[in-house]
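*Asks:* Below is one structure. I have some questions about it.
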Amino acid sequence: MRGAAQVCAAFFLFAGSVLQADVMLEFERLFREAASIREAKYGSSHPKTAAALRDLGLLLLEAGKPAESEPVLRRTLAIIEASYGSESVEAARDLVHVAVARLDQGDGDEPERLLRQALSIHLQAEHSMASEGAEVMLRLAALLEAKGEIEEAEVLYRSGVEIVPDPEGLFRLAVIEEQRGDMEQAEKDYRQALALQIETFGLMHPKTAMTFNNLGMLAADQDRFDDAERALRSALSGYRGSIGLARPDAAVTLDNLGNVKRAQGDFDAAERFLRQALAVRQDTLTDPHPDIATTMNNLAGVYHMQKRFDAAEPLYLQALATQRSVLGAQHPQVAGTLYNLGHLRLAQMRTAEAVASFAEAAAILESASGPPDPLIPEIRRTLAALSARDE
């Protein structure tokens with residue numbers, strides 16, 4: 001399971017993330033006052049007035065007030081365009097700020113247009129810094145990825161990180177590469193992202209931990225379970241040393257480590273990690289939740305493999321009920337749980353119930369859009385064998 005505006009002054013970032021709300025309000029008052037003083041001294045159309053307005057707008061963004069920041073940043077952009085031209089690098093910078101304000105309000109369309117405009121300016125301007133163009137590429141790539149335009153997002157991520165080795169860009173690029181099956185390149189980019197994260201944040205940081213987690217799952221998907229365990233334990237250490245284990249991100253790693261230990265045949269450790277993952281998810285997520293169902297399913301799988309059928313069945317049934325309720329009766333995850341339940345009932349010699357579970361799972365998967373699920377032929381073979389046995 002795999003699973004901000006850029007502020008001119010680094011101090012604003014510090015203030016926005018650390019200082020109390022009342023202190024932020026005092027900063028906002030001071031920045032508004034500074035903008036008023038600049039405007040009174042230089043006039044409403046002067047670049048120095050625009051600079052003060054920009055600082056105010058970015059402070060409001062950091063304070064989580066994008067709707068208030070947007071008109072301030074749009075006014076800044078208008079002044080800069082009038083002063084330097086709409087195709088200037090200076091204007092491109094403020095186009096990005098307005099785009100971020102719109103994004104933070106949930107708009108994905110205008111930000112895309114603004115970011116494309118900013119990128120075009122940077123690519124054509126002789127005196128544009130390459131790093132600025134790369135930052136715009138990475139912002140646009142993230143937006144396109146969120147909108148499902150994966151191919152263009154990948155091209156932009158790759159172009160951006162070749163100019164500026166950005167750990168977040170490398171991480172997202174690796175995720176895309178992994179999803180399309182290029183495991184070798186994905187691992188290279190995860191490792192490059194990890195090296196940069198360790199250098200920037202240290203080992204005890206949630207971003208570093210998340211990359212360790214993804215590296216672990218990449219190894220597990222290739223049956224390199226010892227490598228997977230090492231990476232996942234490093235992820236757990238990173239979460240434990242930063243945000244703690246009682247968080248949804250840490251629960252992902254606990255769940256993954258439980259699955260790896262199951263694959264290694266260490267069922268006691270698998271049960272321990274999966275029970276811990278389930279407890280964290282039940283404490284931190286709103287029930288019913290599909291992630292809670294996922295861990296129930298995985299824990300049931302451990303009991304199933306140990307032939308502890310009485311412990312496995314209620315977990316499978318509870319997971320199935322949650323998935324139907326939250327995801328819908330035709331969701332592929334429902335089919336996966338039905339498939340597991342079918343094998344459990346088959347092991348219990350409850351053949352008729354097993355056939356019903358397998359048949360429902362196959363029907364769901366066959367009606368799903370996209371490429372055929374590899375489980376379909378296996379289920380059909382099992383149903384055919386059961387049918388032949390009963391004749």
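Bear in mind that the values in this text are calculations on the coordinates, not laboratory data. Please read these numbers as outputs of a predicted model, since none were measured by experiment. Neighbour counts run over all protein chains shown; Cβ positions are idealised from the backbone, glycine included.
*Asks:* In this structure, does residue 44 turn out to be under 20 Å from residue 98 (Cβ atoms) and touching a Gly at 6+ places or on another chain (Cβ under 6 Å)?
*Replies:* In short, no.
*Asks:* Restricting the search to segment 203-243, which residues are part of a loop (DSSP other than H, G, I, E, B), in contact with a helix residue (DSSP H, G or I) (Cβ under 7 Å, 6 or more places away or on another chain) and not polar (S, T, N, Q)? Step through it out loud before you land on a result.
*Replies:* Narrowing segment 203-243 to residues part of a loop (DSSP other than H, G, I, E, B): 203-205, 222-224, 241-243.
Next, from what is left, pick out any that are in contact with a helix residue (DSSP H, G or I) (Cβ under 7 Å, 6 or more places away or on another chain): 203-205, 222, 242-243.
Within segment 203-243, 203, 204, 205, 243 meet the criteria.
The rows are residues; the columns are (1) loosely packed, with under 15 Cβ neighbours inside 10 Å; (2) among the aliphatic types (A, V, I, L, M); (3) under 25 Å from residue 32 (Cβ atoms).
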site	(1), (2), (3)
63	no, yes, yes
80	no, yes, yes
101	no, yes, yes
123	yes, yes, no
127	yes, no, no
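*Asks:* Shifting gears a bit: Could you list all residues from segment 345-383 that are surrounded by fewer than 13 Cβ atoms within 10 Å (Cβ to Cβ) and either among the hydroxyl-bearing types (Ser, Thr, Tyr) or touching a Lys or Arg at 6+ places or on another chain (Cβ under 6 Å) (or both)?
*Replies:* Answer for segment 345-383, where residues must be surrounded by fewer than 13 Cβ atoms within 10 Å (Cβ to Cβ) and either among the hydroxyl-bearing types (Ser, Thr, Tyr) or touching a Lys or Arg at 6+ places or on another chain (Cβ under 6 Å) (or both): 367, 369.
*Asks:* Criterion first (touching a helix residue (DSSP H, G or I) at 6+ places or on another chain (Cβ under 9 Å), β-branched (Val, Ile, Thr) and closer than 25 Å to residue 284 by Cα) does residue 200 satisfy it?
*Replies:* No; evaluated as a whole, the condition is false for this residue.
*Asks:* Something else now. Please list, ordered by first then second residue, the pairs with beta carbon atoms under 6 Å, 6 or more apart or interchain, first in segment 301-330 and among the aromatic types (Phe, Trp, Tyr), second surrounded by fewer than 16 Cβ atoms within 10 Å (Cβ to Cβ).
*Replies:* Here the result reads 303/311; 309/348, each pair linking segment 301-330 to a residue that is surrounded by fewer than 16 Cβ atoms within 10 Å (Cβ to Cβ).
*Asks:* Find the residue count for segment 273-308, including only residues that are assigned to a loop (DSSP other than H, G, I, E, B) and either of a type in the set (Gly, Ala, Ser) or touching a Lys or Arg at 6+ places or on another chain (Cβ under 9 Å) (or both).
*Replies:* 2
*Asks:* If I filter segment 323-344 down to residues being surrounded by fewer than 22 Cβ atoms within 10 Å (Cβ to Cβ) and of a type in the set (Gly, Ala, Ser), which single residue comes out as farthest from residue 289 (Cα to Cα)?
*Replies:* 336
*Asks:* Sticking with this one: Just give me the residues in segment 344-379 being of a type in the set (D, E, K, R) and in a helix (DSSP H, G or I), in sequence order. Even if it seems obvious, please write down each step before you answer.
*Replies:* Residues of segment 344-379 that are of a type in the set (D, E, K, R), as a first pass: 345, 350, 353, 360, 366, 373, 378.
Scanning segment 344-379 gives 345, 353, 360, 366, 378.
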